[in-house]
Amino acid sequence: MTELADALLEAQIAFAKRQLRDGDLFDDLVAEEIDHFLADAGQLTLGEVVTPARIQDTAYKYAVQLPVEGAIPELVGEIAGRLYRHRVNDEVAVAEVLDVREFDDLLVTIADPDVVQRVLQRILTDPVTEDIFVEVVVRAVDDAVTQGVDAGGSTGVVGFLRGGLSRVVTPAMPVVDRGVEQATRAGMHFVLGAAQGDVALVDAAREVWRRNATESVGTFRELVTADDVEDGVVAAFEFWKSFRDTAYFRALLDEGIAHVFDKYGETSLTDLLAELGIGRDDLMEEGLRFGPPVLETLDERGLLDDVLRRRLAPFYSSEEFRSALDSAGVGHE
């Protein structure tokens, strides 16, 4: 029985290797397995295979619990820096990345007058925003006046005049500040009214884009430095680390998963793959792209035999194998 088991094991390993290493046989094997997979998948729906709870657990693991520390931020920062310095940025024009027509469409979408108006309305009519603007302007005026009448370091006639101007202006500053505050608040309301239906900003952005469309992407390094990119990566990771642990993010994640199951829970896996743009040809292409070189490397290093033997050998020493021999009337000698 042991000799028979060993002989069968070696024969099965040889057969499996021939299927995997022979080009034509491997192509047929991939096609056959994909066809069987799609046929079986057509009889199963998403809701029958997985539950929302399992998907939520997986999503939480990778979106919330997986540490975003150590090598990950460092690697992303290094990649961002490398992409920033890549010479292709100096060889590709802006219009090759996003042409004028596409930019116009994007600009119109982003700068929708109704959206802009609503945002401006919210910002400029918020009392807190108004108070902040007033404080900034008043402080700027105070600083300008103070610097203008400061006699520090001045002597002679100039110092005398500035000292006198300071004595005259300083008592009047409360009145000046009130006037500046009123003018600032009035100006904000004027800006809000002028923004109604105003497309000047959109036109200006469009013109700037047209003028720079033939410039290389690398010219924007004058605006964004390598340090800016690194700081942006760090800031993004810091934000993500805190945001992903909020109840708000979890609620959004749960709702997104619930929507997928509401829409596709009763859809077959084959149809779901088609909805995602993945068809038989795509599966075949990837199987034939990665399968042969991986199998070749494993075989060259003597690992393919070990893999097959590790998976097949336990059967030939199992109770199931002995029962099969008994059923077939094969002796144990």
Ala313 vs. criteria surrounded by 14 or more Cβ atoms within 10 Å (Cβ to Cβ) and either assigned to a loop (DSSP other than H, G, I, E, B) or of a type in the set (A, V, I, L, M, F, W, C) (or both): yes
From Thr184, Thr170, residue being among the hydroxyl-bearing types (Ser, Thr, Tyr) and modelled with pLDDT of 70 or more: Thr184
Residue within the range 89-102 that is acidic (Asp, Glu), over 25 Å from Phe237 (Cα atoms), assigned to a loop (DSSP other than H, G, I, E, B) and modelled with pLDDT under 75 present: no
Hey, Asp112 surrounded by 12 or more Cβ atoms within 10 Å (Cβ to Cβ) and at pLDDT 70 or above or not: no
Total residues in the range 28-68, condition touching a residue at least 40 places away in the same chain (Cβ under 8 Å) and under 30 Å from Lys241 (Cβ atoms): 8
From the options Gln19, Gln56, Gln43, Gln12, residue that is in a loop (DSSP other than H, G, I, E, B) and over 28 Å from Asp227 (Cβ atoms): Gln43
Residues that are among the hydrophobic types (A, V, I, L, M, F, W, C) and without any contact (Cβ under 8 Å) to a residue 40 or more places away in the chain, drawn from the range 279-314: Phe290, Val294, Leu298, Leu303, Val307
Looking only at the range 238-259, and only at residues there that are aliphatic (A, V, I, L, M) and in contact (Cβ under 8 Å) with a residue 60 or more places away in the chain, the one that is surrounded by the fewest Cβ atoms within 10 Å (Cβ to Cβ): Ala258
Ile278, sole failed condition from (1) part of a helix (DSSP H, G or I); (2) among the β-branched types (Val, Ile, Thr); (3) under 30 Å from Leu38 (Cβ atoms): (1)
The one condition in (1) under 18 Å from Ala80 (Cβ atoms); (2) modelled with pLDDT of 90 or more that Gly291 fails to fulfil: (1)
Any chance Gly291 is of a type outside the set (Asp, Glu) and assigned to a helix (DSSP H, G or I): yes
From Leu120, Leu107, residue being in the same structural domain as Glu207 (by TED's automatic domain parsing), surrounded by 13 or more Cβ atoms within 10 Å (Cβ to Cβ), modelled with pLDDT of 70 or more and part of a helix (DSSP H, G or I): Leu107
Residue satisfying condition, being within 24 Å of Val94 (Cβ to Cβ), touching a helix residue (DSSP H, G or I) at 6+ places or on another chain (Cβ under 9 Å) and assigned to a helix (DSSP H, G or I), within set Val208, Val202: Val202
Asp6 vs. criteria in a helix (DSSP H, G or I), modelled with pLDDT of 95 or more, surrounded by 12 or more Cβ atoms within 10 Å (Cβ to Cβ) and in the same structural domain as Leu252 (by TED's automatic domain parsing): no
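The values are calculated or read from the model by the stated rules, or taken from the named source; none is laboratory data. In this text the structure is predicted, and so the values were computed from the model without any measurement. No Cβ is skipped: glycine too gets one built from the backbone with ideal geometry, and neighbour counts run over all protein chains shown.
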